[in-house]
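Read the figures in this text as sums done on the coordinates, not as results from a lab. These numbers were taken from a predicted model, which means no experiment stands behind them. Please note: Cβ atoms are built from the backbone with ideal geometry, for glycine as well, and neighbour counts cover all protein chains shown.
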Amino acid sequence: MKFTVNGTARQVDVEDDMPLLWILRDALGITGPKYGCGIAQCGACTVLMDGDAVRSCQITSDMLEGADITTIEGLGTPQALHAVQAAWIEHQVAQCGYCQSGQIVQAAALLARDPAPSDAAIDDEMSGNLCRCGTYPRIRAAIRTASRTLQEG
Amino acid sequence: MSRAGTIARRSFLIGSAALLGGVAFGVYAAKRPFANPNLTGVSDGAVSFNPWVIVTPEKVVLIAPHGDKGQGIFSAQAALIAEELDIDPARAEVSFGVPDRAYYNRVIADAAVPIKSIDTGATAELLRDVMGGVAKLLLPMQITGGSTAIPDSYDKLRRAGAVARETLKRAAANRTGVAVGDLRSENGAVILPDGSTIPYTDLASDAARIEPVTDVTLRDPSEWRLLGKPMQRLDIVAKSTGTQAYGLDHALDGMLHATVRTNPRQGGELLGFDASAAKAMRGVHKVLEIPGGIAVVADNTWRAFQAAEAVNCDWGLAPYPAEQVDHWAEIEQSFTDDRLNAKPRDDGDVDTAEGAELRAEYRAPYVAHAPLEPLNATILVTDTRADIWTGHQIPGFAAQFVADITGIDRENVHLHNQFMGGSFGHRLEFDVIRQAAEIGRQMRGTPIKLTYRREEDVAHDYPRHITMGRGRGKTANGRVVALDLQLAAPSVIASQMGRMGLSVPGPDAQLHEGAWDNPYGNLAHQRVRSYRVPELAPVSSWRSVGAAPNGFIFDTLLDELIHQAGADPLEERLRLMDHDVSRKVLEAVGEMSSWGSPLPAGSGRGVAFVISFGVPVAEVVEVTQTESGIRLDKAWIAADVGRVIDPVNLQNLAQGGMIFGLGHAMNCEITYADGMAEQSNYDSHAGMRLYQCPTIEFRALENGPKIRGFGEPPVPPAAPALGNAIFAATGQRIRELPFNRHIDFV
């Protein structure tokens, strides 16, 4: 199985039904995507697959041939932040932070598709990502800030 | 173990016996500090002035012993030290340190003192001081919980920073011949009168040769540079870039991955199992029997999960009623004299007070903690030592369990506390620690990461205790004149501490916390009684513990009485209060929410007020009845924490705590069928999702006489505020949580 993760070509030999989440975390050592539920209910494992936000716990290896995967680590780094990450820092969104990799990737996917989302569009996009600490007000605010940053170029 | 420690293992004395014991042990012993655990490992040329500060020739290390579950205490502890040490916490190394009794929590036992948390009179404070001393002598416990991390740390960490600073200045004075009084300190360095600087790191070896300067005075808050102002959390960049390592992310060379399945009828036996299919699966190394279940060890987490599900287990019966209805039946039978836990409040005479009577019954369910990071621990046990990497709220106890199970001496067990992906009380439990130790013991020399499947995590969540309330009251002349509440629940403290091998004599204060300690002193006739139900399903502390169910029940009953009286919910609560700090909190939320201003038809506002952990909190929720259900529009929260350490983090905790309370009130419960939880994942125990979240405005007040922790207090008023709002909008009074048993939410 050959695919790309954060711009690097990867090859793994695993069962057809092994989820991408565990390929990333255990086979490739990429731990930004988190395990929370395993059934696409929490969104902590969200990554970009060919630009779309997907739950990596539901993407099995047989779906990966030729795919281009971007995790939170590929979105930006502490030294070179993505606009969404910068907004997350500015608003100090995180509490425990465990869901935030998924939240940020989901928000980045939204803004790539819809650079100036309405409040309703933000609610629709982000409601599959669970935050047990309750950082939702800050997530909304950070997305609006990132939207402005991205539009100002 | 000392004799006192041995006694404590059998019986953690709380209440009057402990107070007597405190006098017998004497004040001196209680005040004597424990040895500094950093002195054993400190290298040549480095110095550790106290358990919280280490300076080496290369760096300044600040020890933050309270665990971080997301509440931001890692940063807050560093800031408390740094405020006095005069250093930028972002330029120091901050560490959770090693578990040690030197980091015992001085104020954790305050909650056991049978005095209202808002009573800060001399007698109350003396009792707390004695209690803290007794707890230290009997069972010095490094514990993060009970919203105590800030009050526990506030003085001692600032003092630790001040001692370090003054000692470094003394070392600089000795070296330069300049009088200490002519030296300043700033940004990690001592400043000489000529403006030249000596970095603290350059003074480490000098400072190591002198006695710490302990005669220090803490700065007045008016001089603070860091505290009280918005701070950037030290973990915020890592948590925004996927680079924050949690326990689940820990990796060791040659590590194998494990998961466990134990009897979903919690505490039940494993009667037998067939692992032949699992053992044949790809990547599976071993299937081990562990107490109450099995563990699968494989070469990755997913294979361990798959194989665990393929093991055919024969589970024994649950040691508690198999069906939920029988749990409630036991509680219904518990309002009896022989099960009376306490009668902490009995003012006036509720029986003879005259007025129109109201009676109502309330229920609050079992609720799971379900932190998003499932329980996990990485362990390596050899013949001579054990290392375990995990996020835990009582790390010293966790290390002791590892020692007990592996046979390694406690001093050779090294627990490396990790950032936690939430807890809400779940990481006070020890199952995962014991299981990791058992697996490590059976596989010495192999590093193992044990990860719970979410389903295992929920099945063994040790949820919040269920509670029933029977309330009555009387109203007359547009006022509430009497309130009489009986609460019945199993003892969460007994259940939880029982699993730690500790017994707790005396009444459990959590069975009436959040109800009896109300500030409604002008409600002349009021009585609160709590009844202790024999243990049913095992339960544990869930964020705000007793105050969550009790606050819901008390405040809803009060709201019902106010409506029966025809009074205004906010004005009548204000009238009943005789506590100025609380009144200002309630007035603030009224002003913020424009209480009393007109709303469109189908919309309604509810207010609730609960004191927990010494923090008066008032919340208002505004809802609208739509065609498809109740929509939460806006919310407001005001609270008095005595003193604000970081306004940004405090706001985040306020909003998050209220969301936590609202979400669980809307749709979360654990119910039992055939002895097993009927909920297994976030599809059946969701909490709030983003689209359901109202706007939430927060105001912090600082009128209270003591600094308070705020991890838990925002939670209890949320459920009654929402229920009271639903009543205002629809006329439907819901007396049972979660509300979605009776009404839909959009």
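Per-residue shielding of B:451-460, expressed as the average number of other chain Cβ atoms within 10 Å of the residue Cβ, stands at 2. Working from label points 7 Å from Cα in the Cα-to-Cβ sense, the B:ASP314 to A:ASP62 distance is 3.6 nm. Using alpha carbon centroids, what distance separates segment B:304-346 and segment B:140-202, in Å? So the separation of the two Cα centres works out to 52 Å. Hydrophobic long helices, here whole DSSP H runs in chain B with Kyte-Doolittle means of at least -1.0 and Cα atoms spread over 20 Å or more along the helix axis, are found at B:122-138, B:149-176, B:547-565, B:647-667. Rounded to the nearest 10 degrees, the angle from helix A:136-152 to the longest Cα principal axis of chain A is 90 degrees. Considering only alpha-carbon pairs that sit under 8 angstrom and 6 or more positions apart, the relative contact order computed for segment B:545-669 is 18 percent. What does the C-alpha gyration tensor say about the overall shape of the protein assembly as shown? Classify as rounded when a/c is under 1.5, otherwise prolate if a/b is larger than b/c, or oblate. Note, shape of the protein assembly as shown comes out rounded.
Loop-resident trypsin sites (Lys or Arg not before Pro) (DSSP state other than H, G, I, E or B) in segment B:203-305 with no more than 10 further Cβ atoms inside 10 Å of their Cβ: B:ARG209.
Across segment A:2-75, the relative contact order, built from alpha-carbon pairs under 8 Å that are at least six residues apart, equals 42 percent. Qualifying GluC sites (Glu not before Pro) in segment A:1-109, where qualification requires a DSSP coil assignment and no more than 10 other C-beta atoms within 10 Å, comprise A:GLU65. Residues whose amide H falls under 5 Å from that of B:ASN341, counting only those 5 or more places apart or on a different chain, are B:SER530, B:TYR531, B:ARG532, with hydrogens built in the peptide plane.
Take B:346-353, B:55-62 and order them by the average number of nearby Cβ atoms within 10 Å per residue, most first; the result is B:55-62, B:346-353. Bridge orientation summary for chain B: considering DSSP beta bridges with both residues in this region, about 75 percent are antiparallel. In this Cβ point-charge picture (+1 for Lys and Arg, -1 for Asp and Glu), the protein assembly as shown has a dipole of about 1540 debye about its Cα centre. When the square roots of the Cα gyration tensor eigenvalues are ordered a ≥ b ≥ c, the ratio a/c for segment A:2-75 is under 1.5, which makes its shape rounded. Projecting the Cα atoms of B:LEU270, B:VAL311, B:LEU226 onto the charge dipole of segment B:219-327 (Cβ charges, centred on the Cα centre) puts B:LEU226 farthest toward the positive pole. The trypsin sites (Lys or Arg not before Pro) found in segment B:358-465 that occupy coil by DSSP, while having at most 14 further C-beta atoms within 10 Å, are B:ARG385, B:ARG444. When segment A:83-152 is described by a simple charge dipole with +1 on each Lys and Arg Cβ and -1 on each Asp and Glu Cβ, the residue from A:ILE122, A:HIS91, A:ALA146 located farthest towards its positive end is A:HIS91.
What percent antiparallel are the DSSP beta bridges of the protein assembly as shown, to the nearest 5? If I count the DSSP bridges inside the protein assembly as shown, around 75 percent turn out antiparallel. The charge dipole of chain B, taken about its Cα centre with unit charges on the Cβ of Lys, Arg, Asp and Glu (plus for the first two, minus for the last two), comes to roughly 980 debye. Of the options B:TYR462, B:ALA298, B:LEU722, report the single residue whose Cα projects farthest towards the positive end of the charge dipole of chain B (beta-carbon charges: Lys, Arg +1; Asp, Glu -1). Result: B:ALA298, furthest along the dipole toward the positive end. Can you bin segment B:118-259 into rounded, prolate or oblate? Criterion: square roots of the alpha carbon gyration tensor eigenvalues sorted a ≥ b ≥ c, rounded for a/c under 1.5, prolate for a/b above b/c, oblate for the rest. Because a/c hits 1.5 or more and a/b fails to exceed b/c, segment B:118-259 counts as oblate. For the residues of A:10-19, the average number of beta carbons from a partner chain within 10 Å of their own beta carbon is 2. Given +1 at the Cβ of Lys and Arg, -1 at the Cβ of Asp and Glu and no other charges, the dipole of segment B:252-337 around its Cα centre is 680 debye to the nearest 20. Averaging sequence separations of C-alpha pairs under 8 Å and six or more residues apart, then dividing by the length of chain B, give the relative contact order as a whole percent. In percent, rounded to a whole number, it is 14. The lysines within cross-link reach of B:LYS156, meaning a Cα-to-Cα straight distance under 16 Å and a gap of 8 or more places when in the same chain, are B:LYS31, B:LYS136, B:LYS706. Extension gain, B:ASP119-B:ASP674: 0.36 nm per intervening residue step, less the Cα-Cα distance, totals 195.2 nm. In this calculation the C-beta distance from A:ALA120 to B:THR695 is compared with R0 = 22 Å, giving a FRET efficiency of 0.95.
Per-residue shielding of A:23-32, expressed as the average number of other chain Cβ atoms within 10 Å of the residue Cβ, stands at 4.
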